[in-house]
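Colleague: Sharing a structure, written as structure tokens. Questions coming.
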Amino acid sequence: MPGEYRFSFGPWNIHEGADPFGPTVRDSIAFSKKLKMYKQLGFDGVQFHDDDAVPDMNDLSPEQIIKKAEEVKKMLDDEGLVAEFVAPRVWEDARTIDGAYTSNDPACREYAKERSRRMLDITDALDTKLVVLWLAREGTYIREAKNSKVAVDRIVEAINDMLTYNPRVKIAIEPKPNEPMDQAYIPTTGHALAIAYLTSEPERVGVNIETAHTILAGLDPSDEMGFALAFNKLFTVHLNDQNGLKFDEDKTFGSVDIRRAFNQVRLLDRYDYGKSGEFVGLDVKAMRTQKQEMATKHLANSRMIFLRLVELVRSLDQDKVEKLIVERDYEELDMLIINHLMGR
Ligand code: 3MF
Ligand code: MG
């Protein structure tokens, strides 16, 4: 039932196709041009890194950053779009080579905190109340390089700093177990929620669950989402798909395991995800093989797959499901679901 859910993605999801072993294969598309594509593709929300909104922000004063972000807000208004969240991109600067909030160097930690304050100014200027924290470099390549207890203290301290600086926002931690680091400090939903309860305002800290990241952690995405829902902490999602334990693939939602996608949609739909304003966020990348003019299909397709799965979820014979659960006939339940997914 299109119209009931609102969808979002980030400008990085229309990308040039570079990977660690090869150069770009598609031209860059200007941000303003990307914005024009959102509505055409069926999307209402834009996910931002701070520097997606304000490029080269490290060279600008706080006032200049706010001014630039206000211009972007105007561009969003003109397109009828809203900002879903802002995330601080604290993994590309020379000062965050060995971590941002958990760097061993106090000057680098201070840079990360300062950059996060600028990100929180952008959040206000774009009129969104959600921050996403993907803790890209908060981890290690070797065990002895950092102190894991101190690292958690420092992450909490950085989050507290953000909560104090901008009392209007909620923070959604996006857990990921590895890549770029060998071992990340906040690998799962459980870790992220435990961190939330260590902060000064636990009710303002939750999660952004990304399908692929949960799979990389060897977990089931819908179970991770259910865990967060039980705590009222599923602030947003990054739906996509992942073909086993390898690099983070960000594949089209449902394209690897349609049943796994069905179960994510089933849980979200059952617990009224979206009714409090949450977006169905996608974090998907086009295959490197895709030609320039066809490199947004992964977005439209992910959205369409989600909506078709909503229909499938709602047409599942729930009474039959309940009956088979009571009878403990899970073989028959298995077949019921598979038949349903096969349209039989
Ligand atoms: C990395 C990610 C990131 C985050 C993004 C928003 C590039 O695996 O998923 O996408 O989602 O930085 O925080
Ligand atoms: Mg993501």
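The values are calculated or read from the model by the stated rules, or taken from the named source; none is laboratory data. Because the structure is a prediction, the values reported are computed rather than measured. Note that each Cβ is placed from the backbone with ideal geometry, even for glycine, and that neighbours are counted across all protein chains shown. In case anyone asks, the SASA skips ligands and DNA or RNA and just uses the protein heavy atoms, side chains included. Shrake-Rupley method; radii C 1.70, N 1.55, O 1.52, S 1.80 Å.
Colleague: Taking E157, is it away from ligand 1 (no atom under 12 Å from the Cβ), exposed (fewer than 14 other Cβ atoms within 10 Å of the Cβ), without any contact (Cβ under 8 Å) to a residue 60 or more places away in the chain and assigned to a helix (DSSP H, G or I)?
Modeller: Numbers: away from ligand 1 (no atom under 12 Å from the Cβ): yes; exposed (fewer than 14 other Cβ atoms within 10 Å of the Cβ): no; without any contact (Cβ under 8 Å) to a residue 60 or more places away in the chain: yes; assigned to a helix (DSSP H, G or I): yes.
Spelling it out, it is not the case that E157 is away from ligand 1 (no atom under 12 Å from the Cβ), exposed (fewer than 14 other Cβ atoms within 10 Å of the Cβ), without any contact (Cβ under 8 Å) to a residue 60 or more places away in the chain and assigned to a helix (DSSP H, G or I).
Colleague: Restricting the stretch 122-136 to residues that are in a helix (DSSP H, G or I) and open to solvent by less than 20 Å² (accessible area, probe 1.4 Å), which is farthest from A69 (Cα to Cα)?
Modeller: Filtering the stretch 122-136 for residues that are in a helix (DSSP H, G or I) and open to solvent by less than 20 Å² (accessible area, probe 1.4 Å), the one farthest from A69 (Cα to Cα) comes out as T123.
Colleague: Still on this structure: How about the stretch 208-238: which of its residues are within 11 Å of ligand 1 (Cβ to nearest atom) and either under 20 Å from R270 (Cα atoms) or without any contact (Cβ under 8 Å) to a residue 12 or more places away in the chain (or both)?
Modeller: So in the stretch 208-238, the residues within 11 Å of ligand 1 (Cβ to nearest atom) come out as 208-213, 216, 236-238.
N208, I209, E210, T211, T236, V237, H238 - these are the residues of the stretch 208-238 that are within 11 Å of ligand 1 (Cβ to nearest atom) and either under 20 Å from R270 (Cα atoms) or without any contact (Cβ under 8 Å) to a residue 12 or more places away in the chain (or both).
Colleague: Condition (residue is closer than 20 Å to D56 by Cα, surrounded by 17 or more Cβ atoms within 10 Å (Cβ to Cβ) and among the aliphatic types (A, V, I, L, M)) applied to the stretch 91-98: is it met by at least one residue?
Modeller: Keep residues of the stretch 91-98 that are closer than 20 Å to D56 by Cα, which gives 91-97.
Those left that are additionally surrounded by 17 or more Cβ atoms within 10 Å (Cβ to Cβ): 91, 95-96.
Narrowing further to those that are among the aliphatic types (A, V, I, L, M): none.
No, that holds for no residue.
Colleague: Shifting gears a bit: In the stretch 169-209, which residues are buried (at least 19 other Cβ atoms within 10 Å of the Cβ) and of a type in the set (G, A, S)?
Modeller: A172, A184, A192, A196, G206
Colleague: Do we find a residue being within 15 Å of ligand 1 (Cβ to nearest atom), small (G, A, S) and either within 26 Å of T128 (Cα to Cα) or in a helix (DSSP H, G or I) (or both) anywhere in the stretch 173-190?
Modeller: No: zero hits.
Colleague: Within the stretch 261-276, is there a residue that is surrounded by fewer than 17 Cβ atoms within 10 Å (Cβ to Cβ), within 16 Å of ligand 2 (Cβ to nearest atom) and either touching a residue at least 12 places away in the same chain (Cβ under 8 Å) or more than 14 Å from I305 (Cβ to Cβ) (or both)?
Modeller: So far as the stretch 261-276 goes, no, none of its residues is surrounded by fewer than 17 Cβ atoms within 10 Å (Cβ to Cβ), within 16 Å of ligand 2 (Cβ to nearest atom) and either touching a residue at least 12 places away in the same chain (Cβ under 8 Å) or more than 14 Å from I305 (Cβ to Cβ) (or both).
Colleague: Now a separate question. Can you work out which of the residues in the stretch 16-42 that are more than 16 Å from ligand 1 (Cβ to nearest atom) and in contact with a Ser or Thr (Cβ under 9 Å, 6 or more places away or on another chain) is farthest from D127 (Cα to Cα)?
Modeller: V25
Colleague: Please tell me if G139 is surrounded by 23 or more Cβ atoms within 10 Å (Cβ to Cβ) and out of contact with any Gly (no Cβ under 6 Å at 6 or more places or on another chain). Let's see the steps before the verdict.
Modeller: Working: surrounded by 23 or more Cβ atoms within 10 Å (Cβ to Cβ): yes; out of contact with any Gly (no Cβ under 6 Å at 6 or more places or on another chain): yes.
So G139 passes the test.
Colleague: Away from ligand 1 (no atom under 16 Å from the Cβ), modelled with pLDDT of 95 or more and touching a strand residue (DSSP E or B) at 6+ places or on another chain (Cβ under 8 Å): which single residue out of L60, L76 fits that description?
Modeller: On the way: L60 fails: touching a strand residue (DSSP E or B) at 6+ places or on another chain (Cβ under 8 Å).
Matching residue, one of L60, L76: L76.
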